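**Q** Have a look at the structure that comes next, please.
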Amino acid sequence: MKKALLIVDVQNDFCPGGALAVKDGDKVVPVINGIIDKFDLVLASKDWHPVDSVHFEKWPVHCVQNTYGADFHPDLQTDKIDRVLLKGTQNKDDGYSAFEATNISLADFLRGEGVTDLYVCGLATDYCVKATALDACKLGFRTYVITDAVAAVNLNPGDDKKALEEISSQGCILVNSNEI
Ligand code: VGL
Ligand code: ZN
């Protein structure tokens, strides 16, 4: 068994004060820092959009490449991150899933490293965390979502619960950080 942590989009624009702030988005940071040493490998994705992305027809402009909003939250222990995955990098590409990263083939990389178990956390539960976890599961990784280390956009109230139900019904395992 080889365990990897995949931290999804813990970036300033998804945290309070950011362009697409997720309620309590910053609260995931201490939880993630508290478990980051428990894994063989730590990966973190960044939403990394060109300024003219079609993605911004659906969303406020956020996580534009090389801006403060696209930086990791300043309290995240970035020195523990082995690889950064850039996604949503093309102007016609939403890039919700970290498996759509364009600077690495994530599935091949994880297989090459012998990763069997993938623990997904970060932002946001109902978009990029969900898309990443569902892809991981389909690709055959034993996939966990850490329920106290995620936060949701919740465009509609209850989207967070719905997303976790869908994630669980597709074969991902929901865990609390204190169970890892
Ligand atoms: C995300 C909406 C737009 C996410 C990214 O990281 O969940 N959500 N872009
Ligand atoms: Zn985005």
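**Q** Remind me, relative contact order of the chain in percent, using alpha carbon pairs under 8 angstrom and six or more residues apart?
**A** That works out to 25 percent.
**Q** Which of V8, T116, L43 sits farthest toward the positive end of the charge dipole of the chain, with +1 on the Cβ of Lys and Arg and -1 on the Cβ of Asp and Glu?
**A** Sorting the options by dipole projection puts first T116.
**Q** Near K3, which aspartates and glutamates are there with a Cα under 19 Å away, not counting those fewer than 8 places off in the same chain?
**A** D37, D40, D79, D82, D108, E113, D117, D135, D148, E179
**Q** Further question on the same structure: Using modelled backbone amide H atoms (1.01 Å from N, in-plane), which distant-in-sequence or interchain residues come within less than 5 Å of T143's amide H?
**A** L118, I173
**Q** What is the distance in Å between the Cα centroid of the stretch 12-67 and that of the stretch 70-110?
**A** 10 Å
**Q** Name the shape class, rounded, prolate or oblate, that the alpha-carbon gyration tensor gives for the chain, where a ≥ b ≥ c are the square roots of its eigenvalues, rounded holds for a/c under 1.5, and otherwise prolate holds if a/b is larger than b/c and oblate otherwise.
**A** rounded
**Q** State the answer as a single residue: which of G171, P74, T147 lies farthest towards the positive end of the charge dipole of the chain, with beta carbon charges of +1 for Lys and Arg and -1 for Asp and Glu, about the Cα centre.
**A** Ranked along the dipole, the leading option is G171.
**Q** Counting each DSSP H run of 4 or more residues in the chain as -39500 (n - 2.57), what helix-only mean residue ellipticity at 222 nm follows after dividing by all residues, to the nearest 500 deg cm²/dmol?
**A** -5500 deg cm²/dmol
**Q** How about the stretch 9-113: which trypsin sites (Lys or Arg not before Pro) there are in a DSSP loop, with at most 11 other Cβ atoms within 10 Å of their Cβ?
**A** Qualifying residues, ordered by number: K58, K92.
**Q** Let me spell out the model: positive unit charges on the Cβ of Lys and Arg, negative unit charges on the Cβ of Asp and Glu, origin at the Cα centre of the stretch 2-179. What dipole size does that give, in debye rounded to 20?
**A** Charge dipole, the stretch 2-179, about its Cα centre: 320 debye, nearest 20.
**Q** Here is a follow-up. If the cut-off is 12 Å between C-alpha atoms, which aspartates and glutamates fall inside it for K138, apart from same-chain ones fewer than 8 positions away?
**A** none
**Q** Would you pull out the residues with amide H under 5 Å of A101's amide H, same chain only if 5 or more places away, H placed 1.01 Å from N?
**A** L106
**Q** Taking θ as phi - 60°, what are the ³J(HN,Hα) couplings along the stretch 155-161 by the Karplus curve (6.51, -1.76, 1.60), each to the nearest whole Hz, with x for Gly and Pro?
**A** Once rounded to whole Hz, the list reads 3, 10, x, x, 4, 5, 4.
**Q** Amide H to amide H, which residues 5 or more places from D148 or on other chains are under 5 Å from it, using H placed in the peptide plane?
**A** Excluding prolines and chain starts, which carry no amide H, the hits are S177.
Here, each number is a calculation from the coordinates, and none is a lab measurement. These numbers come from a predicted model, not from an experiment. Because the Cβ atoms are built from the backbone with ideal geometry, glycine has one as well, and the counts that use them run over all protein chains shown.
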